[in-house]
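The values are calculated or read from the model by the stated rules, or taken from the named source; none is laboratory data. Being a predicted model, the structure only gives us computed values, none of them experimental. Cβ coordinates were reconstructed from backbone atoms using ideal geometry, including for glycine residues, and neighbour counts include every protein chain displayed.
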Amino acid sequence: MTKQLKSDEQPEISDESMETSRAPLLDHLKELRTRLIWAMAGLAGATLLCFFFADPLYNILVRPLYNEAVLVRGQADLELIYTAPLEFFFVQLKLAMFAGLFVAFPLIAWQCYAFIAPGLYKNEKHAFLPFLIAAPILFTVGAAFVYFGMLPLLSRFALGFEQEGGEGIAAIVPQIKVSEYLSLVMALMIAFGLSFQLPVVLGLLGKAGIVGSATLRKGRKYALVGILGASAIFTPPDVISQIMLTVPVYGLYEISIWIVAMMEKKAAEEEAAA
């Protein structure tokens, strides 16, 4: 008859088994450190490279505001100001880091994938790879939507309050700071870039079986309310920005329903074939 352990007794763990379980953990931590070093080194190198192109990059970002100023005023006399001695230097540094993140993103994404890939099965790697490719593409589409769609409208709206002076009329002239304009552009691009990741997030959740297409269809009204709330938080306090974020993101939500439904159909076909 085997002797049973009492409820307050614990099985003894040998020192050898503890060392065996500790070794893989240390190996994972070392690999994580290596991946982080490569990612940070790539970001630092890309930031340094982009710093030398900070001026032309900033001029590219100012182009929508400049074009609208020419249309509103009929002459090219747009001026941006800075009110601190090193303000424009820090603007260049911030812009270099922002652009460097775009440049270094493939390396950072690959380091993340290389760290988790050994723990995935072959079919899981094939399923995860399309989402890894779609994420930067959708972020770029969101940033391009800001540049070509939102910035011209916002610039025209902002410059529309300008007023020429005259007898008994005070002149109202916009004096836009270089730092505030860059902060606006970065905030919009980050907000739209992250919002355009909705198909990737919902696709991964659907692939993992956490959400289904039927659940997403039933949650349309809640999704719309959530998108409106997020647009109110992440965009400037004007109706134009909020509407221009809400409409495409809700369209991506509908696309996500279609993607999840297609994955469910494919999974059902594979299960039936098996």
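In region 114-125 there is no residue matching the filter, namely being in contact with a Phe, Trp or Tyr (Cβ under 7 Å, 6 or more places away or on another chain), within 30 Å of D55 (Cα to Cα) and not acidic (D, E).
If you check L184, L224, L188 for being exposed (fewer than 15 other Cβ atoms within 10 Å of the Cβ), touching a residue at least 12 places away in the same chain (Cβ under 8 Å) and either over 16 Å from V260 (Cα atoms) or under 22 Å from the mean Cα position of the chain (by Cα) (or both), only one passes: L224.
So that you can scan it fast, the table gives a plain yes or no per residue for (1) closer than 18 Å to I190 by Cβ; (2) at pLDDT below 90; (3) of a type outside the set (A, V, I, L, M):
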| position | (1), (2), (3) |
| --- | --- |
| F53 | no, no, yes |
| N59 | no, no, yes |
| A69 | no, yes, no |
| G74 | no, yes, yes |
| I81 | no, yes, no |
| L95 | yes, no, no |
| I108 | yes, yes, no |
| Q111 | no, yes, yes |
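Within region 68-83, identify whether any single residue is in contact with a strand residue (DSSP E or B) (Cβ under 8 Å, 6 or more places away or on another chain), touching a residue at least 12 places away in the same chain (Cβ under 8 Å), of a type in the set (F, W, Y) and farther than 13 Å from L159 by Cα, and answer yes or no. Among the residues of region 68-83, at least one is in contact with a strand residue (DSSP E or B) (Cβ under 8 Å, 6 or more places away or on another chain), touching a residue at least 12 places away in the same chain (Cβ under 8 Å), of a type in the set (F, W, Y) and farther than 13 Å from L159 by Cα, which makes the answer yes.
In region 251-274, the residue that is surrounded by the most Cβ atoms within 10 Å (Cβ to Cβ) out of those that are charged (D, E, K, R) and without any contact (Cβ under 8 Å) to a residue 40 or more places away in the chain is E254.
Candidates L132, L154, L159: the one that is in contact with a helix residue (DSSP H, G or I) (Cβ under 9 Å, 6 or more places away or on another chain) and closer than 17 Å to L245 by Cβ is L154.
Scan region 218-228 for residues that are in contact with a helix residue (DSSP H, G or I) (Cβ under 6 Å, 6 or more places away or on another chain) and farther than 13 Å from Y250 by Cβ and the total you get is 0. None of V178, V200, V185, V225 is aliphatic (A, V, I, L, M), in contact with a strand residue (DSSP E or B) (Cβ under 7 Å, 6 or more places away or on another chain) and at pLDDT 85 or above except V178. Scanning region 107-128 for residues that are of a type outside the set (D, E), assigned to a helix (DSSP H, G or I) and either in contact with a Gly (Cβ under 9 Å, 6 or more places away or on another chain) or free of Cβ contacts under 8 Å to residues at least 12 places away in the same chain (or both) gives L107, I108, W110, Q111, I116, A117, P118, G119, K122, N123, K125, H126.
Output the residue which, of all residues in region 142-160 that are surrounded by fewer than 16 Cβ atoms within 10 Å (Cβ to Cβ) and hydrophobic (A, V, I, L, M, F, W, C), is nearest to V260 (Cα to Cα). Going through the qualifying residues, I end up with A144.
Within region 202-221, the set of residues being loosely packed, with under 15 Cβ neighbours inside 10 Å, in a helix (DSSP H, G or I) and either in contact with an Asp or Glu (Cβ under 7 Å, 6 or more places away or on another chain) or without any contact (Cβ under 8 Å) to a residue 40 or more places away in the chain (or both) comprises A214, T215, K218, R220, K221.
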